[in-house]
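In what follows, a single structure is set out as structure tokens and then discussed.
The values are calculated or read from the model by the stated rules, or taken from the named source; none is laboratory data. This is a predicted model, so every value here is computed, not measured. Glycine also receives a Cβ, built like all others from the backbone with ideal geometry; neighbour counts cover every protein chain displayed. Accessible surface is based on the protein model in full, side chains and every heavy atom, while ligands, DNA and RNA are left aside. Shrake-Rupley method; radii C 1.70, N 1.55, O 1.52, S 1.80 Å.
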Amino acid sequence: MNNPDAVILLPCLQVQNANAVSGPLTWGFPSPTAFAGFIHAMQRKVADELALRFEGVGIVCHRFEPQVSRPAGKYTQVFNLTRNPLTKDGSTAAIVEEGRAHMEISLLIAIQGRIDSDEIEFVAQRLMQVAHTMRLAGGSLLPQRQGKRYEPQLLMLPQSEVERDAIFRKLKRRLLPGFALVQREDRLADHLGEMRATNANANALDALLDLARLNIEPDQPNPDKPEEKQWGIRRHPGWLVPIPVGYAAISALYQPGEVLNARDDGTPFRFVESLYSLGEWVSPHRLTSLQQLLWHHHSDIERGLYCCVNHYSNQPDTINNIV
């Protein structure tokens, strides 16, 4: 993408009952596609009054509270499930299994488009107002809190890289304390290479699962007896997490209306399955540029890929390292 003309920070958004199950293999923080879809929907809402284009979103989490509990006598946790709303006759509905979470996040949105200096405050407040009328990752945004910390901030970015970096350094302070979600497909590719040294049949899914699970192995050094090994947890540097990043086609692209009961009869239709990649939570003060923080839409119709990518590791073949 081109360098954005401006960025807007929507700080400390409180989201209630967000979707915590974004794919069939994982649960937890919502997929980056939920946030990319959120800013895309917001752009469409303001298209008639603001000639702006949103081209990326940075995701920073300040608090994440999954709605889970541990039943008596059990060692595992389960989602708190409800039986609402009531049915038409007033009786309780059947339980529909779903995972929910409360969270507090900040979004940094990259903007393309000219904004006059006397309109900056209006645009910032208008976008914040529109954001609070929408749902995010299936959850509801609670009303904006009062105080300077919770006010949106829109900044025009100069052409000079030095000046842009100086502005980003100041913006990072407003993202603390918190953790930014970035993509680490480079770590996934490196780990796959290590696994293939001993198992030539290992694939990217094997590498992702090996990094995501808790591996207890009998080959850890014993600090009390250096000549012996002991059982221990194999640790990896960084806070790594598997994340769903989009979808891959498993069928041909059908014309609008060709598939019965599709949600939208005006858009081409395709059956898809989830795509996964490796993510990492990093403190915003470790980011050196705005591009490291942003997630972007990426679609390749010929290959049937519809996903979000992030360039934290600056790898040119990011799209090739997803599962």
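Annotations for the structure displayed:
- Largest to smallest in accessible area, the residues Glu227, Glu151, Glu161 fall in the order Glu227, Glu161, Glu151 (1.4 Å probe, all protein chains included).
- Protein-only accessible surface order, largest first, of Ser140, Ser117 at 1.4 Å: Ser117, Ser140
- Rounded to the nearest 10 Å², the accessible area of Asp219 at probe 1.4 Å: 80 Å²
- Here r is the Cβ-Cβ distance between Lys170 and Gln112 and R0 is 22 Å; the resulting FRET efficiency, rounded to 0.05, is 0.55.
- Cα-derived Rg to Rh of the stretch 1-55, Kirkwood definition: 1.04
- Tyr75, Tyr276, ranked by accessible area, largest first (probe 1.4 Å): Tyr75, Tyr276
- Based on protein heavy atoms only, the chain ends up with 57 Å² per residue of surface accessible to a 1.4 Å probe.
- Within the shell of other residues whose beta carbon sits under 15 angstrom from the beta carbon of Arg169, the net charge comes to +3, with Lys and Arg scored +1 and Asp and Glu -1.
- Both the radius of gyration and Dmax for the stretch 88-162 are 18.7, 65 Å, in that order, over alpha-carbon atoms.
- Descending semi-axes in Å of the stretch 157-302, equivalent ellipsoid built from Cα gyration tensor: 37, 29, 13
- Sequence-separation-based contact order of the stretch 14-108, relative, with Cα cut under 8 Å and 6+ spacing, percent: 39 percent
- A Cβ-based charge dipole, computed about the Cα centre of the stretch 172-317 with Lys and Arg at +1 and Asp and Glu at -1, lands at about 680 debye.
- Element breakdown for the stretch 99-186 at a 1.4 angstrom probe: carbon and sulfur atoms account for 52% of the accessible area.
- Overall form of the stretch 47-86 per C-alpha gyration tensor (a/c, 1.5; a/b vs b/c): oblate
- Accessible-area value, Asp190, 1.4 Å probe, nucleic acids and ligands omitted, Å²: 90 Å²
- Estimated at the nearest 10 Å², the accessible area of Glu228 is 80 Å² with a 1.4 Å probe.
- Taken over the C-alpha atoms, the stretch 89-231 has Rg and Dmax values of 24.3, 72 angstrom.
- Relative contact order for the chain: 22 percent, from Cα pairs under 8 Å spaced at least 6 residues apart, divided by residue count.
- Radius of gyration (Cα atoms) of the chain, expressed as a multiple of 2.2 N^0.38 Å: 1.12.
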